[in-house]
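The structure under discussion appears below in the form of structure tokens.
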Amino acid sequence: MKTALVVIDAQQSFAHRPYFEPAELPAYLAAQNRLIEGFEAAGLPVVRVLHVQPDPTGADPFSLDSGLVRPLDGLRDFTAALTVHKTRHSALVGSGLDVWLTQQGIRQLVISGIRTEQCCETTTRHASDLGWDVIYVPEATLTFTMQHPDGSPLTPAQLRARTAAVLEGRFARVMDATAALQAVTTQDAALA
């Protein structure tokens, strides 16, 4: 089964949001970069997805005019097999990614990027519903503290755990970066 790594919204825009928390960034980047390196070494495609919001003033850090819709500082440099811009939570809505994946014969996706419970989870659910086999790698996702309706905090660790629990066995196989790379490279080597 041909597999692609999807790197969602790993862009500098987030560093310019008031909720950005750099504490978990090193661990995220280590896992994300390990996935990218492993896919490159195996000759498997890596897809870059960037979130874009229209704002000709450039005030929104997700506007192309801001200059911040570029790879996150610290992200491993890679040549993307495809780069798409999205304006919705799912990377599969209106970006052309679904068409490209189908044309390339890709049947399995490894999902990573920013934010865990938003664009990464939404893309995972959407891809599964469209028939792709999905591996979700929580350690290669990044998110930020949110608040429950009562004002109590919901930490990044809690968000990752919750997302993994709701996706596992329903929409994806949840794995760490090492297990995901082993599963993908063993599987794709068997097909070669």
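Every read-out reported here was derived from the displayed coordinates using simple, explicitly stated rules and does not represent laboratory data. Nothing here was measured: the structure is a model prediction, and the numbers come from that model. Counting neighbours? That spans all protein chains shown, and the Cβs are built from the backbone with ideal geometry, glycine included.
When only Cα pairs under 8 Å and 6 or more residues apart are kept, what is the percent relative contact order across the chain? Computed over the chain, the figure is 25 percent. Listed values (i) 117; (ii) 134; (iii) 104 include one computed from this model; for volume of the Cα convex hull per residue in Å³ that value carries the label (i).
Screening the chain for whole DSSP H helices with an alpha carbon extent of at least 18 angstrom along the helix axis and a mean Kyte-Doolittle hydropathy of at least -1.0 yields 25-42, 177-191. Remark: the Cα gyration tensor places the stretch 1-99 in the oblate category, a/c being 1.5 or greater and a/b not exceeding b/c. By other beta-carbon atoms within 10 Å, ranking His148, His126 with the fewest at the front produces His148, His126. Of the residues Arg160, Arg173, the one with the fewest other Cβ atoms within 10 Å heads the list, and the complete ranking is Arg173, Arg160. Restricting the stretch 19-101 to chymotrypsin sites (Phe, Trp or Tyr not before Pro) that sit in a DSSP loop and have at most 12 other Cβ atoms within 10 Å of their own Cβ leaves Tyr19. Dividing the summed helix terms, -39500 (n - 2.57) for each DSSP H run of n ≥ 4, by the number of residues in the chain produces a 222 nm estimate of -10000 deg cm²/dmol to the nearest 500.
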